[in-house]
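A short worksheet on the structure shown next.
The values are calculated or read from the model by the stated rules, or taken from the named source; none is laboratory data. Bear in mind that the values here come from a model prediction, so they are computed numbers and not experimental data. Cβ sites come from the backbone with ideal geometry, for glycine too, and all protein chains shown count toward neighbours.
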Amino acid sequence: MIKTLENDIYKSKKNLNNVIELMNYMDYQTHSLEEVNEAAAALCRVFSHFFKTKELKRPDADDESAGAMVQNWISDNFISFTEKLMQVYSEPDVDALQVSFLTIALRLCKAESYLDPNGLLRNQLYFRICTALAAASNLSDLCVQDFVQSYLTKYTDLLYYFYKNVSKIASAYTEDDLSGFSSDEIHTLASNIIRIVSLIPSPLSSSLSWASTLSSNVEQSSSLKRAFQDAWLSALSLPLSIDLYKRILSVIHKRVIPFLPKPTMLMDFLTDAYNSHHTVALLALNGLFTLIMEHNLDYPLFYPKLYALLDRNLLYLRTRSRFFRLLDLFLSSTHLPATVIASFIKKLARLALTGSPGAIAIVIPFIYNSLQRHPSCMRMLHRDVSEEDDPFDIQQPDPLLTSAIDSSLWELHTLQNHYYPNIASLAGIMSQQFTKPRYELEDFLDHNYATMCDAELRRPIRIEPPIEYEKCTLSSYLDDSWA
């Protein structure tokens, strides 16, 4: 039936009302998904045909001929059809339908390029698609992944105009205009945009064209990088939740900073993130340090802020492994003052007293490596200072003023009596000569209660422990029962 309706449209303009009938088949609540997809694909072929014949084009405003009326009717129904396609992005539990409708909508974008004299991608329909994806309240992960992997990473013109469209869409939600939108709408828009752009591995991943011809401007890497930068800066200007901050900061040093024409434009975003929520500040470390090392960002409070991140919660965070990797990098410079290094070592040793065994297993090798790298701090290990006479001021926020260099590492001696034998043995290395090579920190970063219990359960038993029990047999049990 659907195929017959489609073929009749090609035969005569008298059958154009079949377009309305086909659109009625697109209601997935009254028709099967197979019929919905078949009807949508048929309409895609019909409107693509009208693009090729130049009938899907608005006539002049003063043209009142019968042909002009037909063109306007076709254009109006094309808009209605595309709106039906885009409505599905906000419907729940239709992941597969979202993917197929996205494919159909993008095929129409390709057909729309027939109206361009040079065969270039026209951005009218594509802008509406990007807007619908950004504002969709139930955009599925399957649809997002398909959009990124099947289109944005393969076709340069789609990627370029996607970045351009993101800049336009996000700029409509500036701080001055937020009163016209609900908090849910703003969060949905920011979340969808960040979900998509953070999945794109590189803005220079392809050179293919979705339309028949690729514009020379789009083809230039400098133009693509500028569009990439504008899109990210516009997206970062939106109000962001803690979860979105985490998503952005986990990829910004690999997928954003290396491709920006002016990476220093992220300075304000990264410094604000570094000065905000504790977990967000931890994730901002990598991007901020990249700007400092590679792009000459001047941030004199970097180490005091880094020192402030050392608190009791740090040793229980899921991101502690990443933090210690970065901290090892940040403290590796031999040009840092010994007082600063001593403050970090001392505070970590103090925190280890109340940390979990998995966290302590990271701290001890870290301190060992730091003492080897900075021999001027070895005096802390050899000095005999009791807890009562310890001059270290743990409340002092400035690592230059904590008096840690005049303190001792009595905490490490305490850890040698830890209830978990492996931790006690590991801490015992501090009482020996520092002749061993530095520890590979990666070997200790993934320790937790689960891995330690698993290791204990897998440990072979060399000597069976003596157990006092009386072996029970059936006869002895019966004798006791009848006694």
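When ASN296 is tested against (1) at negative phi; (2) assigned to a loop (DSSP other than H, G, I, E, B), only condition (1) is not met. Counted as qualifying within region 2-98 are the helices (runs of 4 or more DSSP H) with 3 or more residues that are free of Cβ contacts under 8 Å to residues at least 24 places away in the same chain, namely 2-11, 18-24, 66-87. Within region 120-133, residues that are under 17 Å from TYR155 (Cα atoms) sit with their Cβ atoms under 7 Å from residues that are in a loop (DSSP other than H, G, I, E, B), at 6+ positions apart or across chains, in these pairs: LEU120/ALA211; LEU120/THR213; LEU120/SER215; LEU121/TRP210; LEU121/ALA211; ARG122/ASP116.
Taking ALA170, is it touching a Ser or Thr at 6+ places or on another chain (Cβ under 7 Å), buried (at least 18 other Cβ atoms within 10 Å of the Cβ), over 28 Å from SER222 (Cα atoms) and not β-branched (Val, Ile, Thr)? Taking the combined requirement at face value, the residue does not satisfy it.
So if I check each of LEU142, LEU108, which one is surrounded by fewer than 19 Cβ atoms within 10 Å (Cβ to Cβ) and either modelled with pLDDT of 90 or more or closer than 16 Å to ASN192 by Cβ (or both)? It would help to see each step written out before you state the result.
Numbers: LEU108 fails: surrounded by fewer than 19 Cβ atoms within 10 Å (Cβ to Cβ).
Criteria check complete, one pass: LEU142.
Scanning region 341-381 for residues that are out of contact with any Phe, Trp or Tyr (no Cβ under 8 Å at 6 or more places or on another chain), outside any helix (DSSP H, G or I), surrounded by fewer than 20 Cβ atoms within 10 Å (Cβ to Cβ) and not aliphatic (A, V, I, L, M) yields a single hit, THR354. Confirm whether VAL36 is among the aliphatic types (A, V, I, L, M), under 26 Å from ASN118 (Cα atoms) and buried (at least 18 other Cβ atoms within 10 Å of the Cβ). For VAL36, the condition - among the aliphatic types (A, V, I, L, M), under 26 Å from ASN118 (Cα atoms) and buried (at least 18 other Cβ atoms within 10 Å of the Cβ) - is not met. One residue alone among SER202, SER191, SER222 is in a helix (DSSP H, G or I), under 19 Å from the mean Cα position of the chain (by Cα) and either hydroxyl-bearing (Ser, Thr, Tyr) or on the phi > 0 side of the Ramachandran plot (or both), and that residue is SER191. Every listed requirement among (1) in contact (Cβ under 8 Å) with a residue 24 or more places away in the chain; (2) in a helix (DSSP H, G or I); (3) loosely packed, with under 13 Cβ neighbours inside 10 Å is met by ASP446 save one, (2).
Considering each of ASP384, ASP311, ASP393 in turn, give the residue that is of a type outside the set (A, V, I, L, M, F, W, C), exposed (fewer than 14 other Cβ atoms within 10 Å of the Cβ) and more than 34 Å from the chain's Cα centre (by Cα).
Numbers: ASP311 fails: more than 34 Å from the chain's Cα centre (by Cα); ASP393 fails: exposed (fewer than 14 other Cβ atoms within 10 Å of the Cβ).
After ruling out the rest, the residue left standing is ASP384.
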